[in-house]
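Contents: one structure, followed by commentary.
The values are calculated or read from the model by the stated rules, or taken from the named source; none is laboratory data. Just so it is clear, the model here is predicted, and its values are computed rather than measured. Cβ: placed from backbone, ideal geometry, glycine included. Neighbour counts: every protein chain shown.
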Amino acid sequence: MPVTFAHPAAVLPLLRTPIPFAALSIGAMIPDTPLFMPWIPITYDATHTLTGILTFDLIAASALWYAWWNLIRHPLLDAAPAPLRRRITLTQQRPPLPLVALGAAIGAATHVIWDEFTHAGRWGATTIPLLATTHAGLPGYKWAQYISGIGGLTALAITAVVLTLRAPASPATPRRHPRTALLVLTLPLLAAATATTLTALPVLAAGGELRDLLYGAITRSALAATIALIAASAAWHLAVKKNRHATTVP
């Protein structure tokens with residue numbers, strides 16, 4: 001099963017550095033892109049090499065960071081509940097692009113290094129006896145994959161909660177466009193639910209394995225939710241711009 005979303009835990013030690021954490025986090029997940037978009041003209045193995053880190057991973061992660069900075073972050077905050085909006089402040093100072101690229105590359109490198117110990121045929125999985133041997137019916141590298149995946153997700157959740165609670169609270173600003181902000185929340189959830197259903201039905205009808213169902217549901221729902229979030233964020237920007245224009249025109 002993909003533990004893609006646990007990979008940003010590897011860059012948590014760089015949270016307080018000048019390197020944009022969003023670029024680090026996106027870079028830490030980007031090598032798994034072929035799992036979510038198997039039709040793109042680059043293979044999973046290629047994105048997990050040094051060449052892949054310095055080409056596809058760097059470019060794709062930088063592009064997604066650009067979408068995050070310019071398109072997604074403001075609508076997502078506007079859609080957040082009031083307790084979160086009181087504590088989260090978005091920086092307005094754009095980081096230098098070389099730092100963005102550096103963050104993307106570092107994040108991708110941590111992903112590839114992590115996978116060396118948690119995937120079959122990789123260096124750590126074949127040379128470290130604990131990872132190469134079987135324990136309770138599972139190879140050691142599989143245990144490492146599952147345990148590190150759960151640990152990474154837990155570390156990210158704890159960090160998010162702690163940072164949010166430590167942030168000073170201020171009066172919550174009214175939503176800039178409440179109706180479209182609701183769309184930013186609901187459209188990705190609806191897209192993910194639809195993708196999960198469309199994936200599950202044929203697998204269940206064919207008597208497929210649970211592993212196949214989960215894999216397809218995770219990868220396809222994540223892709224559908226991401227596309228829906230981008231679309232809803234674009235709609236939010238258009239609505240806010242329209243409102244701003246309406247209030248300034250006499």
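For Arg122, indicate whether it is within 25 Å of Asn70 (Cβ to Cβ) and in the same structural domain as Met29 (by TED's automatic domain parsing).
No; evaluated as a whole, the condition is false for this residue.
Of the helices (runs of 4 or more DSSP H) lying entirely inside segment 1-114, those containing at least 3 residues that are among the hydrophobic types (A, V, I, L, M, F, W, C) and either surrounded by 19 or more Cβ atoms within 10 Å (Cβ to Cβ) or touching a Lys or Arg at 6+ places or on another chain (Cβ under 7 Å) (or both) span 21-29, 58-67, 73-79.
Cβ-Cβ under 8 Å, sequence separation 6+ or interchain: first residue in segment 75-101 and under 15 Å from Pro171 (Cβ atoms) and not assigned by TED's automatic domain parsing to the domain that holds Ile230, partner polar (S, T, N, Q) and assigned to a helix (DSSP H, G or I). Which pairs? Within 8 Å, the pairs are Leu84/Thr164; Arg87/Thr164; Ile88/Thr164.
Among the conditions (1) free of Cβ contacts under 8 Å to residues at least 12 places away in the same chain; (2) under 28 Å from Pro174 (Cα atoms), Leu71 misses just one, which is (1). For the residues Leu183, Leu223, Leu156, Leu187, the requirement of being over 29 Å from Trp39 (Cα atoms), aliphatic (A, V, I, L, M) and crowded, with 17+ Cβ neighbours inside 10 Å singles out Leu156.
Within segment 118-125, is even one residue crowded, with 19+ Cβ neighbours inside 10 Å, touching a Gly at 6+ places or on another chain (Cβ under 9 Å), outside any loop (DSSP other than H, G, I, E, B) and not small (Gly, Ala, Ser)? No, there is no match, as no residue in segment 118-125 is crowded, with 19+ Cβ neighbours inside 10 Å, touching a Gly at 6+ places or on another chain (Cβ under 9 Å), outside any loop (DSSP other than H, G, I, E, B) and not small (Gly, Ala, Ser).
Listed by position, the helices (runs of 4 or more DSSP H) contained in segment 129-225 that have at least 2 residues being touching a residue at least 24 places away in the same chain (Cβ under 8 Å) are 140-166, 178-205.
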